[in-house]
């Protein structure tokens, strides 16, 4: 499976998002009203709009990206490989611009693919929507207007695992467990990211968490390709 796609042509990624503001009261009156309507179906009668705001990071209209981690393979020969990983974090407009520039410079050809877990439903559209908000020109890999499904340069490990079963959902953590891949979830989980960001101000901890997920996505693809998973000695962390 995936034998026709070369590892060195894939950019693996993961994003971490949080509510755009630290709390519900930071929203102006109109935004509060719009949030109330937007979140009504999900929160039902269990939560007030204010209580539910901690989950606002899953919507691009009310959330923002605080980290994008990317990884790619450098293959020296058939036996030697290196997985290089780096992250863009901090100011959202700047990190999105840096990510866009990376795609422009190194992953702008027809052969290239972006890969994430649940990327087609979350990561890729979230990035694109936030680029529109910040008025950042789309890279080719995210400009999908008029493209046929088979022309979209995206891989999604969740979609691959579904094998056409559209009702099915499997978390990255579960997929790693059943495929015997070291778990990336050994510190925080997605529900804690906002607290770590706004209360602890620990972006470095979030970056490490995001990078572990990116590595895990690459490991899943290696399993699909029936290739050995990465050893720690094969991973290089590049600091920006």
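The values are calculated or read from the model by the stated rules, or taken from the named source; none is laboratory data. This is a predicted model, so every value here is computed, not measured. With ideal geometry, Cβ positions are generated from the backbone for all residues, glycine too; neighbour counts draw on all protein chains shown.
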Item to check | Selected residue (only one of 211, 234 is surrounded by fewer than 20 Cβ atoms within 10 Å (Cβ to Cβ), under 27 Å from residue 5 (Cβ atoms) and touching a residue at least 12 places away in the same chain (Cβ under 8 Å)) | outcome: 234
Checklist entry - Within segment 72-83, is there a residue that is under 15 Å from the mean Cα position of the chain (by Cα), closer than 18 Å to residue 219 by Cα, surrounded by fewer than 20 Cβ atoms within 10 Å (Cβ to Cβ) and at pLDDT 90 or above? => result no
Next on the checklist: Condition first: over 17 Å from residue 115 (Cβ atoms), surrounded by 15 or more Cβ atoms within 10 Å (Cβ to Cβ), without any contact (Cβ under 8 Å) to a residue 40 or more places away in the chain and over 17 Å from the mean Cα position of the chain (by Cα). Can you find one or more residues in segment 59-69 that meet it?
Outcome noted: no
Item to check | Filter pass, residue 191 being under 17 Å from residue 13 (Cα atoms) and at pLDDT below 95 | outcome: no
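Can you spot a residue in segment 40-57 that is surrounded by fewer than 20 Cβ atoms within 10 Å (Cβ to Cβ), under 30 Å from residue 115 (Cβ atoms), in contact with a strand residue (DSSP E or B) (Cβ under 9 Å, 6 or more places away or on another chain) and free of Cβ contacts under 8 Å to residues at least 40 places away in the same chain?
Step one: filter segment 40-57 for residues surrounded by fewer than 20 Cβ atoms within 10 Å (Cβ to Cβ), giving 40-52, 54-55.
Restricting the remaining residues to those that are under 30 Å from residue 115 (Cβ atoms) gives 42, 54-55.
Going one step further and asking which of them are in contact with a strand residue (DSSP E or B) (Cβ under 9 Å, 6 or more places away or on another chain), we end up with 54-55.
Still in the list and also free of Cβ contacts under 8 Å to residues at least 40 places away in the same chain: 55.
The answer is yes, given that some residue of segment 40-57 is surrounded by fewer than 20 Cβ atoms within 10 Å (Cβ to Cβ), under 30 Å from residue 115 (Cβ atoms), in contact with a strand residue (DSSP E or B) (Cβ under 9 Å, 6 or more places away or on another chain) and free of Cβ contacts under 8 Å to residues at least 40 places away in the same chain.
Are any of the residues in segment 89-101 in a strand (DSSP E or B), closer than 26 Å to residue 173 by Cβ and in contact with a strand residue (DSSP E or B) (Cβ under 9 Å, 6 or more places away or on another chain)? Even if it seems obvious, please write down each step before you answer.
Within segment 89-101, the first condition is being in a strand (DSSP E or B), and the residues that meet it are 89.
Filter once more, keeping what is closer than 26 Å to residue 173 by Cβ: 89.
Still in the list and also in contact with a strand residue (DSSP E or B) (Cβ under 9 Å, 6 or more places away or on another chain): 89.
Yes, segment 89-101 has at least one match.
Going by the structure shown, is residue 176 buried (at least 18 other Cβ atoms within 10 Å of the Cβ) and within 16 Å of the chain's Cα centre (by Cα)?
Numbers: buried (at least 18 other Cβ atoms within 10 Å of the Cβ): yes; within 16 Å of the chain's Cα centre (by Cα): no.
Considered against the rule, which asks whether it is buried (at least 18 other Cβ atoms within 10 Å of the Cβ) and within 16 Å of the chain's Cα centre (by Cα), residue 176 comes out as no.
Please tell me if residue 27 is surrounded by 14 or more Cβ atoms within 10 Å (Cβ to Cβ), at pLDDT below 95 and out of contact with any strand residue (DSSP E or B) (no Cβ under 6 Å at 6 or more places or on another chain). I'd like the intermediate steps shown before the answer.
Numbers: surrounded by 14 or more Cβ atoms within 10 Å (Cβ to Cβ): yes; at pLDDT below 95: no; out of contact with any strand residue (DSSP E or B) (no Cβ under 6 Å at 6 or more places or on another chain): yes.
The answer is no for residue 27.
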Checklist outcome for this item: Filtering segment 116-160 down to residues that are in contact with a strand residue (DSSP E or B) (Cβ under 9 Å, 6 or more places away or on another chain) and assigned to a loop (DSSP other than H, G, I, E, B) yields 117, 118, 119, 120, 121, 122, 144, 153
Checklist outcome for this item: The number of residues in segment 121-154 that are under 18 Å from residue 9 (Cβ atoms) and under 12 Å from the mean Cα position of the chain (by Cα) is 1
Checklist entry - Does residue 217 satisfy being touching a strand residue (DSSP E or B) at 6+ places or on another chain (Cβ under 9 Å), at pLDDT 95 or above and at negative phi? => result yes
